[in-house]
Amino acid sequence: MKKKILVFIALVLSIILSGPVLSAEKVKDIILATTTSTQDSGLLDVLIPVFEKEAGYVVKTIAVGSGQAMAMGERGEADVLLVHSPEAEEKFLAQGLGINRRLVMHNDFIIVGPAKDPARIKGLKSAPMAFKHISEAKALFLSRGDNSGTHAKEKSLWKLAGIDPSTEKWYQQTGLGMGQTLAVASEKGGYCLTDRATYLALKKNLYLSILLQGDKSLLNIYHVIEVNPARWPKVNSDGAKSFRAFMVSKEAQRIIEGFGKDKFGQPLFFPDAGKREEALGK
C-alpha cells in the first residue's frame, strides 16, 4: 500500500511539474512595438485577439512613436514592429536590425485645426503651402516632437516649406502620442498634423476640423518588421514570424479593409499586402 501511495504521489508531482513547462513552450509572449495610431484608432483591439486565438501566442503591445519602436528593436527589447516611418525603416534594415519587412496598409495624414482657421489654410491643395501660411500667421501649431512617424512626416513638410519652426514661440512640441497631442491642440485651439484614423476615432471629443487633405505628400504607409534574431538571439523569432505572416494574411487584410466602416462610414486604413509601394495613393 505504501509503495502504491508513493507511486501515486510521484505521478501527481510529475503532472504538476510538467504541465506548466509544456504550456510555456507552447505559448510565449510576443512583444509588439508599434505606433500610437494603431492603438488609438482601435485597430489592434480587433486584430490581436484574432491572432492570439489562431496562433497561440500572447501579444504584449507597447504603443510609442515609430522612432521609439525602432529604438526598442535596436536594443532587442521587442520581437516585431508595426511602424509608419519608411525612411527610418530603411535605415533600420540597412543596419541589420530588422528582417522581412512587409507592406501592410496605408491611410493618410491630414492637417486639422480650429474651425475659425486663423491661418486660412482651408482650400489649399499643398501641405507645405499650408505650413507656410501657418508660419506667416504665427498661428499656434502643436507638434508631437517625439521622433514618431508622424513627427518625421511633419519635419519633412516644414523642410519642403523652407521653414525651421523649432525656435518659434507659436510652435510647441508636446512629446506625447497622437491622441494626447490632438487633445492639447483642441484645448489650445492650435493646428496639428495627424493620421486620419486617430483623428476620426477621437473626433467626437475634439474641437478640431479637417482643413487640408488629399495632398500626395500626406500618404501614410505602414510596414511590419521582424527584429533580427541574428543580432538579438533571445527575441521570439518564431512569434515575430507568425505575427508578420498574420498581418499580411487574407484574414487580417479583410479585417483592416472593413475596420471603421460601421462607425465612421469609411475605412480608417486600406489593406496593401502584396502591392507595390510606388502604386499607393494613385
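Summary of values
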read-out: Entirely in segment 39-152, the strands (runs of 3 or more DSSP E) that have 2 or more residues that are in contact with a helix residue (DSSP H, G or I) (Cβ under 8 Å, 6 or more places away or on another chain) and assigned by TED's automatic domain parsing to the domain that holds residue 268; value: 58-64, 80-83, 98-113
read-out: Candidate set: segment 172-196, residues that are assigned to a strand (DSSP E or B) and of a type outside the set (Val, Ile, Thr); chosen: the one nearest to residue 40 (Cα to Cα); value: 195
read-out: Residues located in segment 247-274, provided they are surrounded by 11 or more Cβ atoms within 10 Å (Cβ to Cβ) and farther than 26 Å from residue 199 by Cα; value: 249
read-out: Options 96, 65, 123: the member that is modelled with pLDDT under 95 and more than 21 Å from the chain's Cα centre (by Cα); value: 123
read-out: Selected residue (criterion: modelled with the lowest pLDDT) from residues of segment 256-282 that are among the charged types (D, E, K, R) and part of a loop (DSSP other than H, G, I, E, B); value: 282
read-out: Enumeration of residues in segment 230-244 that are of a type in the set (A, V, I, L, M, F, W, C) and surrounded by 16 or more Cβ atoms within 10 Å (Cβ to Cβ); value: 232, 235, 240, 243
read-out: Residue match in segment 160-168 (condition: of a type in the set (Ser, Thr, Tyr) and either in contact (Cβ under 8 Å) with a residue 60 or more places away in the chain or under 14 Å from residue 36 (Cβ atoms) (or both)); value: no
read-out: The lone exception for residue 104 - which of (1) under 29 Å from residue 70 (Cβ atoms); (2) of a type in the set (A, V, I, L, M); (3) surrounded by fewer than 20 Cβ atoms within 10 Å (Cβ to Cβ); (4) in contact (Cβ under 8 Å) with a residue 60 or more places away in the chain it fails; value: (3)
read-out: Total residues in segment 145-196, condition at pLDDT 95 or above, closer than 18 Å to residue 115 by Cα and not hydrophobic (A, V, I, L, M, F, W, C); value: 8
read-out: The listed residue being within 21 Å of residue 153 (Cα to Cα) and surrounded by fewer than 17 Cβ atoms within 10 Å (Cβ to Cβ), out of 132, 116, 125; value: 125
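The values are calculated or read from the model by the stated rules, or taken from the named source; none is laboratory data. Source: prediction; values computed, not measured. Backbone-built Cβ (ideal geometry, glycine too); neighbour counts: all protein chains shown.
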